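Here's the structure, in structure tokens; my notes come after.
The values are calculated or read from the model by the stated rules, or taken from the named source; none is laboratory data. These figures come from a predicted structure and were not determined experimentally. Note that each Cβ is placed from the backbone with ideal geometry, even for glycine, and that neighbours are counted across all protein chains shown. Calculation scope for accessible area: heavy atoms of the full protein, side chains included, ligands and nucleic acids excluded. Shrake-Rupley method; radii C 1.70, N 1.55, O 1.52, S 1.80 Å.
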Amino acid sequence: MILVTGATGTVGRQAVAALLARGERVRALTRDPLAAGLPSEVEVVAGDLTVAESLQAVVDEVRAVLLIAAGPSMGEQAARLVTAAGKAAVRQVVALSSLAAGERTRTALGDWHRQVEDAVRAGEPAWTALRANGFMSNAEQWVPEVLAGVVHTAFPQLAASVVDPADLAAVAAEILIPRGGVAAAQRHHGQIYDITGPRALTPTDQVEILAEVLGRSIVVAEQSVAQYRAGLSLVFPPSVVDALLESRSSADDDRATVSPAVERIIGRPPADFVQWAVEHRQLFAGLPSGSVTAGRLA
């Protein structure tokens, strides 16, 4: 059995689906099992990475863990889970991290993710860290503005090799259940992989792609940083807002990095934003195709 924490989030849901598709038994950790909305074959359990006492029973009979933590305390969350896993029979932990963890300039966001990596590195189970870039799905926050024809952003020319969350989930599933068996699994132990899309795109590039896919005109309007902060503050607590703005202002950020890791691990190139936009065009056209989520911090 594989435990997925953060199972109701952007990547967690995709990972659950990918693991089920491989015939794996999946246990999903969530604070509110009744609201999880996961497939019936998933064992949904109540627990909280911020409460150590809730975790020991959660890892019982679990072979491996996909660890997805969030927020300023994500390092502490990871340490609690890894400690519980070390007391059980867990043999492997795959942790979701961020490209920010490898940046030359220290930022709060990078520090939080480095703490996650340090926690799994210090634990007993074999470990792998996936340093993900920003998600293509974060464009879903633009849905109301796309429908109105004007998308506002404070950093219209800040390029990032955004990745499809489904590709990140596929990478995690391949590491947790490798097609090459034990030898393939051992190849991933102690590795840190940069997980990116196939090319760096600015928000302006992404909006232009959405406009082409939808066959309509969409204008990009540059916001002030103060306006951008105000928008973030509607979704995130102050510490997270500060960390996001600090990261986006970093002169040494690696968001434009393009890594070959996705293709090397799953045997196919990562999806391009054009492909992602086509697959989600109903959402941006104002038609029902699932809920819009704010995404996670990558």
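Looking at this structure, is Val207 open to solvent by less than 50 Å² (accessible area, probe 1.4 Å), assigned to a strand (DSSP E or B) and either touching a helix residue (DSSP H, G or I) at 6+ places or on another chain (Cβ under 8 Å) or without any contact (Cβ under 8 Å) to a residue 40 or more places away in the chain (or both)? In short, no.
One residue stands out among those in the range 210-222 that are open to solvent by 50 Å² or more (accessible area, probe 1.4 Å) and assigned to a strand (DSSP E or B): the one that is farthest from Ala285 (Cα to Cα), which is Glu222. Contact map, the range 123-139: first residue without any contact (Cβ under 8 Å) to a residue 40 or more places away in the chain and closer than 16 Å to Phe284 by Cβ, second residue charged (D, E, K, R) and open to solvent by 20 Å² or more (accessible area, probe 1.4 Å), Cβ cut-off under 7 Å, separation 6 or more or different chains; the map is empty.
Looking across the range 1-55, the residues that are more than 23 Å from Val163 (Cα to Cα), assigned to a loop (DSSP other than H, G, I, E, B) and of a type in the set (Lys, Arg) come down to Arg25, Arg31.
For the range 189-199, does any single residue satisfy the condition of being part of a helix (DSSP H, G or I) and touching a residue at least 40 places away in the same chain (Cβ under 8 Å)? Among the residues of the range 189-199, not one is part of a helix (DSSP H, G or I) and touching a residue at least 40 places away in the same chain (Cβ under 8 Å), which makes the answer no.
A count restricted to the range 242-285 and to residues that are over 30 Å from Val225 (Cβ atoms) and either in a loop (DSSP other than H, G, I, E, B) or modelled with pLDDT under 90 (or both) stands at 7. Across the range 227-263, the qualifying residues are those that are open to solvent by less than 70 Å² (accessible area, probe 1.4 Å) and over 21 Å from Gly110 (Cβ atoms), and the one among them that is nearest to the chain's Cα centre (by Cα) is Val262. For the range 37-61, the tally of residues that are open to solvent by less than 60 Å² (accessible area, probe 1.4 Å) and of a type in the set (D, E, K, R) stands at 1.
Residue count for the range 129-140 satisfying the condition of being polar (S, T, N, Q) and surrounded by 24 or more Cβ atoms within 10 Å (Cβ to Cβ): 1.
When the range 103-128 is examined, which residues are found to be hydroxyl-bearing (Ser, Thr, Tyr), farther than 25 Å from His189 by Cβ and open to solvent by less than 20 Å² (accessible area, probe 1.4 Å)? Selection gives Thr107 alone.
Being crowded, with 24+ Cβ neighbours inside 10 Å, within 19 Å of the chain's Cα centre (by Cα), at negative phi and modelled with pLDDT of 95 or more is the requirement here; does Ala100 meet it? No: the conditions fail for Ala100.
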